[in-house]
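What follows draws every value from the coordinates through simple rules; no lab data is involved. Quick caveat: nothing in here was measured; it's all calculated off a predicted structure. Don't worry about glycine lacking a Cβ; one is built from the backbone with ideal geometry, like all the others, and counts go over all protein chains shown.
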Amino acid sequence: MIIIPFKKGIYAVILIIALFISALNVSITQTDLKGRHAFKEFESAKKCRTCHPGIYEQWSQAMMSQAYTHHWDEIEYFDLAEAHATAVPQLREVVDGCNGCHTPLAYMNGKFPPPRPAENSMANESVSCEVCHLIQETHSDPPFNFSYVISPGTTKYAGRQPSVESPAHKIITKDIFHTTEYCGICHNEKNPFGVWVKSTQLEWKEGPYAAQGVPCQDCHMPKGQYLNAIMGKPYADARLHLFHGGHDPGKVRGTVEIRIEPDVREAEPGETVIFTVALFNAKTGHKFPTGSVEDRILWLNVEATDAKGKVYHLSVDKKGFEGEEYTISGDYLAYQDLGIPKGIKDFKGLQRDGIPAGNRIFRMPYLDPDGNMTIMQWNTAKLGVDYRIGPRETKTEKFTFRIPSNVSPGKMKVTATLNYQLLVKPVADFLGVPADESEIIPVNDHSTWITILP
Ligand code: HEC
Ligand code: HEC
Ligand code: HEC
Ligand code: HEC
Ligand code: HEC
C-alpha cells in the first residue's frame, strides 16, 4: 500500500528529469557547437567550384548563398535583432542563434555578432556547400532550430554514391538527404515563447504531398540531366541546386490559379451583383505564404471597369470567422515593438498593410506580448488566425457589388488579381530596406464581365 505511491513518486521524479533533459537536449547541442570549430577548419564554396562549377553557379543565384549577406537579412539581424538583444540581454541566446541557420560556419566559429558582410569573412559563405554536405543527421524529432549533427573534414555526405572517385573528398551516403527532415532542420523554427515561427516542413507533413511521397527536393531541387563534377559523366537524374522560392518571381507566378464569376450577367444601376472568386493553390507543397510568414502578404484585389473606363474597387464580403480583421486590409497601426530596437519611446506603429482597403489578405499575423502585430519573429508570443492557402486547397471569396447609379451602360469588365509581397511596404520603407524586397509580385489574374442595362 505504501510502496505503490513511493514507487510512483520515484517514477514521477525520473520522468520529470527525463523530460527536462529531452527538453534541454536541442539547446544543449546548439550551444555546444558555439565556438567549437574555427573558420579555418572549413572549406569555401569557391573550392568546390573548381570541380562542381555548374552546381556552384546554381547555388550562387539562390537565396541560401546570401542568407547572411542579403540586405534585408543584414538589416534585420544587426538593426533589429542585435539591437533588441542589447536592450534586452535575455535575448542574447536566441539572437546568436540566428546564425545557426543563416551562417552556420560563423555560429561554430563562435564570435557574435560575426563580421559584417562588407568585411568579407567566411561568415559570408551563408548556407554553403560545406554546410549542407557536412550535415550527417538531425538529433531532434521533428527537426527544427538547426538541430544538425555536423563536423568539419574531407568526408562529405550526400544522397548518392559517385560514379567516379573524387580526388578532393570521400563521400558517405545518408538517406536523410532524400528527406524533408533534412530541410526541416532549418525550415522549422520554435522561438523562446515556444511558438512555431517557421513550420514549412511541418505544413508539408500534414499536406497531400507528404502522403504522395513528394519531398521538398522534387520541387526545389528538380531532377534533370546534368554534369555534377567536371571529371564525371552527366547523370540523367542529377539533383539541380536551384532552391528557387519567394525571391524568384517565376516560381511565384501561377502558384495560385484564380477564376471569377458573377451570379447574373445583366444588371441595372442600383442592383446588386455577387462575384465569386475561386483560388486554387496548385503549386506549393506547403502553405502559401510559408517560411517568413511574419513579413509576407498575399492579397486579392477586385476591380470593375465600366464601358467608359471608369474604375470601381470592390470590397470583400466578411465571412465572420474569428480574427478576420487581420485578413481584410484597412487603416490600422501595427509593429509598435519596432520602437524597442530602434530606441523610439512610445512608438505609435506603422500602417499594417500598405495596400488599398477592403482587400482580402491571405496571411497569419504574428502577435507580440502586448497583442500587437509584429515582424520580429523572436518577439512573437502568439500566432493569430491562419488564413493562408494550403497545398491544393481552394478558397472562395465573395464580393457583393451594388452597381453605382452613375455607371455607364454597356459591358463592365471585372478583374480579380492576386499579388504577393515579401515584406509589407510600410515596414520596408521605415527600415530602409531596398525596394526589391517590397516589390509587388503578380501571382495571377482572371477577368469576367457583366452587361449594365441602361
Ligand atoms: C578536385 C575536384 C573536386 C573538388 C574540389 C570537390 N569535389 Fe565534390 N566531387 C568530385 C567528383 C569527381 C565527384 C563525383 C561526381 C560524379 O559522381 O559524377 C564529386 C561528388 C560530390 C558530391 C556528391 C556525390 C555524387 O554522387 O555526385 C558531393 C556532395 C560533393 N562532391 C561535394 C563537394 C563539396 C561540398 C566540395 C567543396 C567543399 C567539393 N565537392 C569539392 C570532385 C570534387
Ligand atoms: C541547402 C543544402 C544544400 C546546399 C547549400 C548544397 N547542396 Fe548539394 N545537395 C543537397 C541535397 C539535399 C542533395 C541530395 C538530394 C537527393 O539526393 O535527394 C545534394 C546533392 C548534391 C550532389 C549530387 C547531385 C545528385 O545528383 O544527387 C552534388 C555533387 C552536390 N550536392 C554538390 C554541391 C555543391 C558543390 C554545392 C555548393 C555549390 C552544394 N551541393 C550545395 C543539399 C545542398
Ligand atoms: C543550414 C540551414 C538550412 C538548410 C539545411 C536548408 N535551408 Fe533553405 N534556407 C535557409 C535559410 C537561412 C534561408 C533564408 C535565406 C535568406 O536569408 O533569404 C533559406 C531559404 C530557402 C528558400 C527560399 C528561397 C527564396 O527564393 O526565397 C528555399 C526554396 C529553400 N531554402 C529550400 C531548402 C530546401 C529544399 C532544403 C532541403 C533540401 C533547405 N532549404 C535546407 C537555411 C537552410
Ligand atoms: C509541390 C511542390 C513543392 C514542394 C513539395 C515544396 N515546395 Fe516550397 N515552394 C513551392 C513553390 C511553388 C513556391 C513559391 C511560392 C511561395 O513563395 O510560397 C515555394 C516556396 C518555398 C519557399 C519560399 C517561401 C516564401 O515565399 O518566402 C521556401 C522557403 C520553401 N518553398 C521551402 C520548402 C521546403 C523546406 C519544402 C519541404 C518541406 C518545400 N518547400 C516543399 C513548391 C513546393
Ligand atoms: C531555424 C533556422 C532559423 C533561425 C534560427 C533564424 N532563421 Fe531567419 N530564416 C530561416 C529560413 C529557413 C528563412 C527563409 C524562409 C522563407 O524563405 O520564407 C529565413 C528568413 C529570414 C529573413 C527573410 C529573408 C528575406 O529575404 O525575405 C530574415 C530577415 C531573417 N530570416 C532573419 C533572421 C533573424 C534576425 C534571426 C534571429 C532572430 C533568424 N532569422 C533566425 C531560418 C532561420
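A compact table of results
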{"read-out": "FRET efficiency for Thr394 and Ser447, using Cβ-Cβ distance with R0 set to 22 Å, rounded to 0.05", "value": "0.70"}
{"read-out": "Gain upon complete extension [Arg259, Thr31; 0.36 nm per residue less C-alpha separation]", "value": "77.1 nm"}
{"read-out": "Label-point separation, Tyr235 to Thr86 (7 Å along Cα→Cβ), nm", "value": "4.7"}
{"read-out": "Relative contact order %, the chain, counting alpha carbon pairs below 8 Å whose residues are six or more apart", "value": "15"}
{"read-out": "Surrounding net charge for Tyr312, when Lys and Arg each add one and Asp and Glu each subtract one, Cβ distance under 13 Å", "value": "+2"}
{"read-out": "Furthest towards positive pole of dipole, Ala211, Ala123, Ile135, structure part the stretch 73-221, Cβ charges", "value": "Ile135"}
{"read-out": "Percent RCO, i.e. relative contact order, over the stretch 253-382, from Cα pairs under 8 Å lying at least 6 residues apart", "value": "21"}
{"read-out": "Listed residue pairs exceeding 30 Å between alpha carbons, taken from Lys348/Lys382; Lys111/Lys287; Lys345/Lys382; Lys319/Lys425; Lys170/Lys287; Lys348/Lys398", "value": "Lys111/Lys287; Lys170/Lys287; Lys348/Lys398"}
{"read-out": "Computed Kirkwood radius, in angstrom, where 1/r is averaged over Cα pairs of the stretch 45-167", "value": "15.8"}
{"read-out": "30 Å tail of the calculated P(r), the chain, as % of Cα pairs", "value": "53"}
{"read-out": "Cα gyration tensor shape for the stretch 98-224, rounded if a/c is under 1.5, else prolate or oblate", "value": "oblate"}
{"read-out": "Neighbour-limited loop hits for trypsin sites (Lys or Arg not before Pro), the stretch 41-96 (at most 15 other Cβ within 10 Å; DSSP other than H, G, I, E, B)", "value": "none"}
{"read-out": "Distance in nm between pseudo-label sites at Thr272 and Ala435 (7 Å out along the Cβ direction from Cα)", "value": "4.2"}
{"read-out": "Relative contact order for the stretch 351-390, counting Cα pairs under 8 Å that sit 6 or more residues apart, in percent", "value": "39"}
{"read-out": "DSSP bridge orientation in the stretch 21-239 - percent antiparallel, rounded to nearest 5", "value": "70"}
{"read-out": "Mean residue ellipticity (222 nm) of the chain, computed from DSSP H runs ≥ 4 via -39,500 (n - 2.57), nearest 500", "value": "-6500 deg cm²/dmol"}
{"read-out": "Nearest-ten-degree value, helix 3-33 long axis tilted from longest Cα axis of the chain", "value": "90"}
{"read-out": "Cα centre as origin, Lys/Arg/Asp/Glu Cβ charges: the chain dipole, Debye", "value": "800"}
